[in-house]
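Worksheet for the structure shown next.
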């Protein structure tokens, strides 16, 4: 990509020109060494300042050129080309590569650095890699950068994404989410804490696993975790840098322990205004839906089951009617239509540069009445009144209205609704099924209690409206060419108002509503001094000194009400009963000082060091400041004399780094000190008239910092005329004093507390390959491939606490990896009896569920069935251009991770009184001796087995989330998107005052190769949490979509 | 350029000032919460913490209140997993309900520990008030340990003092330290000694009693300690001390039997605040807690009719016994049988006060102890027995020495009267156990008469904590 660089001083000279006959000049700009046309080179007449940019074939047409005038062609990375015009009709311009200019600049945190001199591991994604790909830039980054694993948790619009850089480094939920910095402002990033909207009734994401009830192991929580990154318009982004190793991240200290993502937005360039307008429309459907029982099949299965079930377990002659046949999936799924519009104008003079854009996204989810709307506007202005000073601002304002909060709940309920229940009563009202013993008017099935109506639920009013301003103001002084002083103030104002309504129904007369307001406000002040000085020819010193102060206030108010006299009355003040569900105001502040020194000797030897001191209000008062050092070294071998003979190698740089980062144990807001609070239950309890004070947080003075030492070694190579770039990294991380909520003896008065439970390591490799495979005038093919692997291992555990208090059914075992599913070994179904079989720890196989035994050691009969983390993952991205036609396609893959198919477990659970609809796979249940099948007989010894006698209900060990029965390999290869476009830049386009029109079509998630039997191998029932990943609990699958669009450049 | 240098200098100076001057920016106090150290420095917040500790004790008492009656032969109940498991001896060591009992009592005990340590260290209010708060904490701790011992101490109620009791954890918890916080169980004898020590240390700093009956029975005082000590010694089979301490309590003139049972256990349809009476020695004043059935109730749901009087036991009452005529009603159980259920806790939102020690218990402790000490038929004992008996049966003449053929027979009558008086009040299980009478299941093995120690405690201490014999 080239940029306009027009010296404005030239303007003054225009008047002096004498009149000459004007001619039209055509020409082509090519790169001398390769013969490749150069797209976007700036061609202009110096005297008139008129000009244009070369098109896709490198062609240009200049009007009104007079003899004697100067034609200049410029392009970043090339030396300027100048011609005194002598009346030619056609000009062929050969531009020569300028090695000095070519060097790519990379943002590195509080500054930039030339890629050539970089000694840390930094991945980069540029504008064209993400433009037009997805509504949120994080979604567009999947499979684009080595070492960055991005997992789209659900198909609900605006739902959270799990981003992990170089694997897990912590057992804490939110601690694996990278820091996200937009134009210098560390913003409210991914994480459940800040982004979850809890709304009492409907639901998405979020959930709990556990409890004693075996078969109903998953509990959908009324919570929606939003994606905070979706408020940014991807078209505004110039580049995204991912800081991966310790040298790169240490400048962010404790804030960067899980990696850093730096987002830089577009800036204006001096020259004629560039106007871009784009519009697209797309259609989406889920990539699949489960096969469910029809009304008749439903009736058959349940009638048979209850007939076979002994009366003592609740069996009997029940009749499940078949008067209605409802395809609930059909009722709630639609083809979602999404319209997106964006427009931007950028340009400016040497003194003032601007970039202004607006974007409107109107997305329909594929669940009925679930919509997502985003409007965002950006203003980036830089003002440069004198050589030594620059002011500027980058501001993004966005309004996101997410009316799709109920998507997950609607989908889940629609899947589970018995298909013999109608949507509407005969009078057109919604039908709500109630228990058999109650009102016959609202009852159909003899078993199956109160149910919601998913269609009604989808039509309930629910929204979360985010208004957000992310912006900064800066001033930069440059008193000497080698010295810069930059001060900036940044802000992230992130407010949300959420409302959710449940309409009146038989079990909830008058309906209910909940409303919450979250107000998050963050200020950042950065002061940075940088020195870039060459001391004679051999030494180059680059020093950054700075200070940063960041403070955030997060407040939350929640109210709920029940009993409205009319469904149209929205205000909770009109509800019969009202309750305050939340009222908190929490603050924190971080004060940091940092320094970075980079030294280059003789263009080939590189050394670097950083040090950052963080002080945080959240840290314990006696450990308020913590320092984080890092060191790095690099060697550009190709600069050495002995390498000059290797002509195919253009550049080879070896680099290595070592550093320390850390995570404070106090995840609460006010350190580890003990805290008490006044009892707030129902207006506050008292004891004999004295209001009760309760412990809110127990003190934890022994808690140590979780520290991560990271080592990285790698190389960057460029070969065969810079046509192939290879980057390789090996990293090793050692994490000591892992923090986790772990059990403490109950006789201490408490059950769990945050503890340092042990040490772990994480090591891996990353490879990225960029190849300009074909680079000709008419056609080109650029391809990039990346592959990452990270393998973690628990080195030691201080306690017997193999089962952490908050990791669902996953356990942590010394000597093994993280996120392990430790499960009971389900062998299958005995073809002779139809009973399920398990393999016990001692190798015996029988039909007694080991889970029913009271284990002395809870792991005795369980085995390591795999991890929810992949063995390796990556992507393959391609761009092919043939003349004006361009084709792009991207694959992403992930191999070796396990997924618990909780969807199937739920759809195989028929012994609950809910009598949910089931997977059509159930029809193959065991029928007669000799029948080989995976599905046990309906009434088998384990769903009626109960050590406590019949009154305790049926535990259903066959569908327990602790069996490996539904644990599957979720490896996949996905064609994430494929796009085909055609660019018009002929004369007729010019006549419309446009310079280019691109028409394109794009398909997303066209196909997925996987052995996973569920719908989507990529979902996560727990949103952004990587530690809780690996559960598909009827989680909304992603959408398959088809998009048509047009982009116009003026 | 000179000007430039000037600007640069100023800017650097400004940055320098900023660098130096923002330490206090990091001291952000929590809103809505009080830092622990502040809680104990002021009388008002320390008072709130003490109130909170009594509340934790109530929460603990709620976990066992019904179970202590449901495991005796005096009652019948609708099918219940937990009651069945305890009565059949089929409890497993990771039973969640057992864990709840253990956890709830230790929660109260450890908050009491915190008060004992922190008020001494951080308190800046009146010395007397501080001493009283610490003494109340010791009372709470003693009560908590006595209940833990009665439920978990192997043989604690049958004088097996050397067998393992429970873990004595008397430090204030200050973050988990795997080295110093892994503890074995202390013997029954050691735990009893600690209970007695706490109560004896508490008494000098506590008021004798209090003016209002509700204050008197809801916050610790000397009389309450004496009453609890008499129960402790009774459980230890130390009848000399039991007789002494019960006598001390009886010497306080504030305590009197209330003639009207409906004043002790009022109908309470609307769940209003109910005052305690002159015969309450220790009770949780639940009716004034605030909150509702969900938060702040007593957790007693006898009004549902899931537990009822055993027929034989019911027949042992006189027909006109007021405890039957005024405090029971009829109900239908799961097997469609007509049964009698208690009306002692009539409020359907569980908003009734929860009695723990009433005067009749102390009277009968005194009566039993003096007979056991002298091994004779004591008229003093018969008089105390009659006071309790005649209140419920005012038309009768009462027992006479001649009615008893032996001291043993008198003791049995005293024990029977105690069952009749205190049924549904969370103590009968221990009466049965300490006197060798049978529990609900007469065939239950002796070593299954305690609950198992929660398995997680054994796991987490690497086996330092021993399981009770019946569950090994």
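The values are calculated or read from the model by the stated rules, or taken from the named source; none is laboratory data. A quick note: this is a predicted structure, and the numbers were derived from the prediction, not measured. Every residue, glycine as well, gets a Cβ built from its backbone with ideal geometry; the counts of neighbours run over all protein chains shown.
Annotations for the structure displayed:
- Residues (closer than 30 Å to residue B:312 by Cα, crowded, with 20+ Cβ neighbours inside 10 Å and away from chain A (no Cβ under 14 Å)) located in the range B:440-472: B:440, B:448, B:449, B:450
- For residue A:517: the one exception among (1) free of Cβ contacts under 8 Å to residues at least 60 places away in the same chain; (2) buried (at least 20 other Cβ atoms within 10 Å of the Cβ): (2)
- Where residue A:556 falls short, out of the listed (1) within 14 Å of chain B (Cβ to nearest Cβ); (2) modelled with pLDDT of 85 or more: (2)
- When the helices (runs of 4 or more DSSP H) confined to the range B:1-69 are screened for residues that are surrounded by 20 or more Cβ atoms within 10 Å (Cβ to Cβ), at the interface with another protein chain (Cβ under 7 Å from one of its Cβ atoms) and at pLDDT 70 or above, those reaching at least 1 such residues are found at B:36-39, B:43-64.
- Residue in the range A:932-945 that is closer than 30 Å to residue A:878 by Cβ, at pLDDT 90 or above and touching a strand residue (DSSP E or B) at 6+ places or on another chain (Cβ under 6 Å) present: no
- In the range A:702-730, of all residues being farther than 30 Å from residue A:627 by Cβ and in a loop (DSSP other than H, G, I, E, B), the one that is nearest to the other protein chains (Cβ to nearest Cβ) corresponds to A:722.
- Of A:598, A:585, all but one fail to be in contact with a strand residue (DSSP E or B) (Cβ under 6 Å, 6 or more places away or on another chain), in contact (Cβ under 8 Å) with a residue 60 or more places away in the chain and assigned to a strand (DSSP E or B); the exception is A:598.
- Residue identified as over 30 Å from residue B:322 (Cα atoms), in contact (Cβ under 8 Å) with a residue 24 or more places away in the chain and out of contact with any strand residue (DSSP E or B) (no Cβ under 7 Å at 6 or more places or on another chain) among B:208, B:254, B:269: B:208
- Qualifying residue in the range B:87-96 (condition: more than 14 Å from chain A (Cβ to nearest Cβ) and either at pLDDT 95 or above or in a helix (DSSP H, G or I) (or both)): no
- Hits in the range B:365-382 (condition: surrounded by 24 or more Cβ atoms within 10 Å (Cβ to Cβ) and either in a loop (DSSP other than H, G, I, E, B) or within 19 Å of the chain's Cα centre (by Cα) (or both)): B:365
- Residues of the range A:505-534 satisfying the condition of being more than 16 Å from residue A:578 (Cα to Cα), away from chain B (no Cβ under 14 Å) and more than 25 Å from the chain's Cα centre (by Cα): A:505, A:506, A:507, A:532, A:533, A:534
- In the range B:422-439, the residue that is farthest from the other protein chains (Cβ to nearest Cβ) out of those that are touching a strand residue (DSSP E or B) at 6+ places or on another chain (Cβ under 9 Å) and not in a helix (DSSP H, G or I) is B:423.
- Only residues that are more than 14 Å from every other protein chain (Cβ to nearest Cβ) and surrounded by 18 or more Cβ atoms within 10 Å (Cβ to Cβ) were counted in the range B:259-286, giving 7.
- Residue match in the range A:752-761 (condition: free of Cβ contacts under 8 Å to residues at least 40 places away in the same chain and farther than 30 Å from residue B:173 by Cα): yes
- Among the candidates A:144, A:124, the residue that is assigned to a loop (DSSP other than H, G, I, E, B) and modelled with pLDDT of 85 or more is uniquely A:144.
- The residues of the range A:424-482 that are within 14 Å of chain B (Cβ to nearest Cβ) and free of Cβ contacts under 8 Å to residues at least 24 places away in the same chain, listed by number, are A:480, A:481.
- Restricting attention to the range A:987-1017, the residues that are closer than 23 Å to residue A:283 by Cβ and surrounded by fewer than 15 Cβ atoms within 10 Å (Cβ to Cβ) total 2.
- Qualifying residue in the range A:312-319 (condition: under 30 Å from residue A:1040 (Cα atoms) and touching a residue at least 40 places away in the same chain (Cβ under 8 Å)): no
- The residue that is surrounded by the fewest Cβ atoms within 10 Å (Cβ to Cβ), among those in the range B:148-187 that are within 11 Å of chain A (Cβ to nearest Cβ) and not in a loop (DSSP other than H, G, I, E, B), is B:152.
- Failed condition for residue B:125, given (1) part of a helix (DSSP H, G or I); (2) over 18 Å from the mean Cα position of the chain (by Cα); (3) more than 12 Å from chain A (Cβ to nearest Cβ): (1)
- When restricted to residues that are touching a strand residue (DSSP E or B) at 6+ places or on another chain (Cβ under 8 Å) and not in a strand (DSSP E or B), the range A:504-521 contains 2.
- Some residue of the range A:535-547 being assigned to a strand (DSSP E or B), in contact (Cβ under 8 Å) with a residue 60 or more places away in the chain, within 14 Å of chain B (Cβ to nearest Cβ) and touching a helix residue (DSSP H, G or I) at 6+ places or on another chain (Cβ under 9 Å): yes
- Considered as a group, the residues in the range A:685-701 that are farther than 21 Å from residue B:133 by Cβ and touching a strand residue (DSSP E or B) at 6+ places or on another chain (Cβ under 8 Å) include one that is nearest to the other protein chains (Cβ to nearest Cβ), and that residue is A:700.
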